[in-house]
Amino acid sequence: MTERELALRRRIVTAFAETGEPPELPDGPALRSLAAQHVVVLEQAGGAPRIRMAHPFAGHREGARVDAGVRTWWGNCAWDGLGIVAALGLPAATVTSHGVTLRVQAGAVGDDAVFHIAVPARHWWDDIAFT
Amino acid sequence: MRLLRSGEDHEGETVDLRTIAALARDWYGDRLAPDWRPRSAEESQRILGAHGLTGAFWRLG
């Protein structure tokens, strides 16, 4: 990964962390390279690429919602939601996914739900939206 | 990947939340670090293994 790509990726995850939303970026080789390396997942939005995923963050609303105080972020699944809590160093948060809300306190989760993975690891990126 | 209540029918693997929370810390905890660099597949595989996620289902490549 080039320094330019690393800087672009840093800009993307910082925007997600600060706003909960993906940044609007012009299309270009660095962005396309990040997508090819599975650092981001792009979707087309009105002719321009939009960042759908920059793990653990999500630009969509189909995965996991993370709430802490008045702030909200979105992850692609509960694993990612817990990853957002870890990456941001949140002392307390809730992670809600598929109708289940987990309370996270100091990194610990108090709930008897389980996390289900249907797709074997080697196929996760075959269809990452489904995974 | 999704949350299930214990006892729901499913295909594939299930992991308890204590494990997923610990895995999430190791997998994603550095994503905002200024010196972040992409991991190799071998490093990712080691992280999965460190949390007991081993065997064919968890093989990344």
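The values are calculated or read from the model by the stated rules, or taken from the named source; none is laboratory data. A quick note: this is a predicted structure, and the numbers were derived from the prediction, not measured. Using ideal geometry, Cβ is built from the backbone for each residue, glycine included, and neighbour counts are taken over all protein chains shown.
For residue A:85, indicate whether it is among the β-branched types (Val, Ile, Thr) and under 26 Å from residue A:38 (Cα atoms). Even if it seems obvious, please write down each step before you answer.
Working: among the β-branched types (Val, Ile, Thr): yes; under 26 Å from residue A:38 (Cα atoms): yes.
Against the criterion (among the β-branched types (Val, Ile, Thr) and under 26 Å from residue A:38 (Cα atoms)), residue A:85 qualifies.
I'm trying to understand the selection: among the residues of the stretch B:34-51, which are assigned to a loop (DSSP other than H, G, I, E, B) and closer than 16 Å to residue A:79 by Cα?
B:51
Only one of B:36, B:27 is within 9 Å of the chain's Cα centre (by Cα) and under 30 Å from residue A:9 (Cβ atoms). Can you tell me which?
Sole residue among the options that is within 9 Å of the chain's Cα centre (by Cα) and under 30 Å from residue A:9 (Cβ atoms): B:27.
Look at residue A:51 and say whether it is at pLDDT 95 or above, β-branched (Val, Ile, Thr) and closer than 15 Å to residue B:37 by Cα.
Spelling it out, it is not the case that residue A:51 is at pLDDT 95 or above, β-branched (Val, Ile, Thr) and closer than 15 Å to residue B:37 by Cα.
From the list B:18, B:31, which one is part of a loop (DSSP other than H, G, I, E, B) and at the interface with another protein chain (Cβ under 7 Å from one of its Cβ atoms)? Break it down stepwise before answering.
Numbers: B:18 fails: part of a loop (DSSP other than H, G, I, E, B).
On inspection, the qualifying residue turns out to be B:31.
Answer with yes or no whether residue A:102 is outside the structural domain of residue A:27 (by TED's automatic domain parsing) and not in a loop (DSSP other than H, G, I, E, B).
So residue A:102 fits the description; yes.
Does residue A:86 satisfy being free of Cβ contacts under 8 Å to residues at least 12 places away in the same chain and not aromatic (Phe, Trp, Tyr)? Give the derivation first.
On the way: free of Cβ contacts under 8 Å to residues at least 12 places away in the same chain: no; not aromatic (Phe, Trp, Tyr): yes.
Spelling it out, it is not the case that residue A:86 is free of Cβ contacts under 8 Å to residues at least 12 places away in the same chain and not aromatic (Phe, Trp, Tyr).
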